[in-house]
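Visitor: One structure, as structure tokens, below. Some questions next.
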Amino acid sequence: MKVLFLYPNHKGMNMLPPAVGLLSACLKRDGHTVQLFDTTHYNSVEIDGEVDDTDSDKSKSDRLMAKPYHNPKEITLKYSNVFEDFRNTVDTFSPDLLALSTTEDMF
């Protein structure tokens, strides 16, 4: 079976979903093919003409909710359309199952 994980994460959101790694490892161990589509490094997402380019971690540090942090290693952002890239990934990978994982930092 081919499983495509979708992790719809905002740029700068540092919450990592443990379920993706755990389930991916179990599926691979049992001989399944796994791929991850992660939106973390997309510069912005346009939904209904509105551009959301929020950097969650920067926003938190601006409001003194977290220490300012600069990654010493430069991260390359993607500037392509996230929805087209996802559609292409689904068409190319042709998964039997699409799995979603999200996290919430309010708890």
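The values are calculated or read from the model by the stated rules, or taken from the named source; none is laboratory data. This one's a predicted model, so the numbers in the text were calculated from it and none came from an experiment. So basically every Cβ, Gly included, is an ideal-geometry build from the backbone, and we count neighbours across all protein chains shown.
Visitor: Which of the residues belonging to region 5-20 are at pLDDT 75 or above and aliphatic (A, V, I, L, M)?
Guide: Listed by number, the residues that qualify are Leu6, Ala19, Val20.
Visitor: Shifting gears a bit: What are the pairs with Cβ atoms under 9 angstrom where one residue, in region 8-36, is on the phi > 0 side of the Ramachandran plot and the other, located anywhere, is of a type outside the set (S, T, N, Q) and at pLDDT 85 or above? Sequence gap at least six, or different chains.
Guide: Qualifying pairs under 9 Å: Gly31/Met1.
Visitor: Considering only residues that are among the hydroxyl-bearing types (Ser, Thr, Tyr) and modelled with pLDDT of 75 or more, look in region 34-67 and name the one that is farthest from Phe5 (Cα to Cα). Explain how you work it out, then say what you get.
Guide: Step one: of region 34-67, the residues among the hydroxyl-bearing types (Ser, Thr, Tyr) are 39-40, 42, 44, 54, 56, 59, 61.
Remaining after also requiring modelled with pLDDT of 75 or more: 39-40, 42.
Values: Thr39: 11, Thr40: 13, Tyr42: 17 Å.
The residue in question is Tyr42.
Visitor: I would also like to ask the following. Would you please name the residue that is modelled with the lowest pLDDT, looking only at residues in region 80-107 that are of a type in the set (A, V, I, L, M) and either out of contact with any Phe, Trp or Tyr (no Cβ under 9 Å at 6 or more places or on another chain) or within 16 Å of His41 (Cα to Cα) (or both)? So that I can check it myself, show each step before the final result.
Guide: Taking region 80-107 as the starting set, the residues that turn out to be of a type in the set (A, V, I, L, M) are 82, 90, 97-100, 106.
From the residues that got through so far, the ones that are either out of contact with any Phe, Trp or Tyr (no Cβ under 9 Å at 6 or more places or on another chain) or within 16 Å of His41 (Cα to Cα) (or both) too are 82, 97, 106.
On the way: Val82: 87, Leu97: 97, Met106: 50.
By that ranking, first place goes to Met106.
Visitor: In addition: Conditions: (1) modelled with pLDDT of 80 or more; (2) surrounded by 12 or more Cβ atoms within 10 Å (Cβ to Cβ); (3) part of a loop (DSSP other than H, G, I, E, B). Gly31 meets all but one. Number of the miss?
Guide: So the condition that Gly31 fails would be (2).
Visitor: Do any residues in region 76-96 that are farther than 11 Å from Leu4 by Cα have Cβ atoms under 6 Å from those of residues that are exposed (fewer than 10 other Cβ atoms within 10 Å of the Cβ), where the two are at least six apart or on different chains, and which pairs are they?
Guide: Sorted first by the residue in region 76-96, then by its partner, the list stays empty.
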